[in-house]
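Student: After the structure tokens below, expect a handful of questions from me.
What follows draws every value from the coordinates through simple rules; no lab data is involved. All of these numbers come straight from a predicted model, not from anything done at the bench. Every residue, glycine among them, receives a Cβ derived from its backbone with ideal geometry; neighbour counts consider all protein chains shown.
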Amino acid sequence: MPLEAALDRARTEGLDLVEISPMASPPVCKIMDYGKFKYEEKKKASEAKRAQVTVLLKEVKLRPKTEEHDYEFKVRNTRRFIEDGNKAKVVIQFRGREITHKEQGTAILDDVAKDLKDVAVVEQMPRMEGRLMFMILAPTPKVAQKARELVRQAATAAKRTPPPGAPGAGKPTGASSGAGEKAEEADEEKKEAQAAPAAAEAQSPTAS
């Protein structure tokens with residue numbers, strides 16, 4: 001179709017003529033509502049971003065002489081973080097002459113890896129950087145897949161739930177609304193029945 005004819009048709013229909021394949025020969029155009037098209041594209045991009053899993057790296061610091069209670073507390077927190085689909089950098093910090101006993105740091109990192117082996121794998125083996133020894137743990141494929149599914153479900157639920165103030169948000173269903181109306185009618189009838197004898201007595205003539 002000639003360009004002028006396509007433009008005339010778009011104007012007649014109150015739409016836009018949009019070039020969608022400029023490199024084609026001849027270029028391919030489409031008659032559409034360009035504003036609506038841009039809105040839908042933005043909405044799709046927003047939904048895709050909401051469903052995307054963002055992997056964070058949490059740093060957990062320990063000492064060669066970390067007490068058992070503190071160790072267990074930090075391992076529990078690391079487990080929860082990994083179960084959310086994130087990674088953990090476990091760091092052993094040496095001070096003073098502690099650096100001469102690197103085997104203690106290695107032993108602690110081995111214990112962490114063993115305690116979390118059901119949810120994490122060692123992505124980077126222990127290594128030294130100055131006075132720090134660290135390793136990086138990543139979720140197992142099964143844990144990572146579960147975390148992605150939870151994010152998708154949350155995104156789907158957010159998509160289905162109307163925002164506050166939207167039409168239909170916070171309104172009772174038809175069944176509950178009908179039940180409420182029937183209850184109100186019953187209360188009105190009861191009040192009328194109680195008021196009837198008093199009204200009749202007030203209208204009757206007084207005995208002389």
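Student: Give the Kirkwood hydrodynamic radius (Å, one decimal) of the range 3-43, defined as one over the mean of 1/r across all pairs of different Cα atoms. Display every interim value, and only then the final one.
Tutor: Numbers: mean 1/r = 0.0918 Å⁻¹.
Averaging 1/r across every pair of different Cα atoms and inverting gives 10.9 Å.
Student: DSSP beta bridges in the range 57-145, what fraction antiparallel, as a percent rounded to 5? Don't jump to the answer; show the numbers that get you there.
Tutor: On the way: 13 of 19 bridges.
Approximately 70 percent, going by the DSSP bridge assignments.
Student: Right, next: Before anything else, pin down the relative contact order of the range 3-43: Cα pairs under 8 Å, at least 6 apart, normalised by residue count, whole percent.
Tutor: Computed value for the range 3-43: 31 percent relative contact order.
Student: Right, here's the next one. Where the only charges are on Cβ atoms (+1 Lys, Arg; -1 Asp, Glu), what is the dipole of the range 57-145 about its Cα centre, to the nearest 20 debye?
Tutor: Computed charge dipole of the range 57-145: roughly 260 debye.
Student: From the C-alpha gyration tensor of the range 106-158, pull out the three semi-axes of the equivalent ellipsoid (sqrt of 5λ each), sorted largest to smallest, in whole Å.
Tutor: Each semi-axis is the square root of five times an eigenvalue, giving 31, 12, 8 Å.
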